[in-house]
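First the structure, in the form of structure tokens, and then the observations on it.
Every read-out reported here was derived from the displayed coordinates using simple, explicitly stated rules and does not represent laboratory data. Worth saying up front: this structure is predicted, and the values here are computed from it rather than measured. Counting neighbours? That spans all protein chains shown, and the Cβs are built from the backbone with ideal geometry, glycine included.
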Amino acid sequence: MTDAPDQGSFLDETSESLFEQSQQNAQALILATISLLDDLGIVPEAWADGLGERFAVAWSDEEPWEPGEFLDAMLTNYRSLGAFVEESQLEGEPATAVISGFPDEDLCDVFGIDRRDADVYHRVAAEIARRRGLDWQWSVDDDLTRFSVSNSGS
């Protein structure tokens, strides 16, 4: 038996630290993919639209969703990536929200992409929304991203 240095093991990690690492890993996967697509000369918008198309299949519920219901589901997804919901208005139309923390500026630096390049990921939600008869819009102001969801005919 060899003596290993006295250091922590993966078994010592708390659920909270694993959750934080999972958030970072998920964002890193998205940002590294965007960076790689750019390096390969592949349009990241096509990738995001394709993801949205495929993810929409998983949302097979035939019942229409209200804008606030859809935004609530998307905010859950963004939170799982490490975003913070700064404000939200899920009642009425349009449903709106403001998030921070996605994309993570430090991870953007690691992968050599501009923060604005990562905004292409919002197209995934836009495609899912479109297929559900909803209009998903976003805008970015410094480190805040604003979302708006309405019925397509509104």
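General remarks:
- D (Stokes-Einstein, µm²/s), Kirkwood Cα radius, the range 19-99, 1.567 mPa s at 4 °C: 89 µm²/s
- Residue-count net charge about Glu53 - beta-carbon cut-off 13 Å; Lys, Arg +1, Asp, Glu -1: +2
- By the count of neighbouring beta-carbon atoms within 10 Å, fewest first, Val149, Val140, Val124 end up ordered Val140, Val124, Val149.
- The range 57-132, Cα convex hull volume normalised per residue, Å³: 99 Å³
- Normalised by 2.2 N^0.38 Å, where N is the number of residues, the alpha-carbon radius of gyration of the range 16-151 equals 1.03.
- Here the chain is assigned +1 on the Cβ of each Lys and Arg and -1 on the Cβ of each Asp and Glu. Its dipole about the Cα centre then comes out at about 580 debye.
- Helical runs assigned H by DSSP (4 residues or longer) give the chain a calculated mean residue ellipticity at 222 nm of -14500 deg cm²/dmol, each run adding -39500 (n - 2.57) before division by the residue total.
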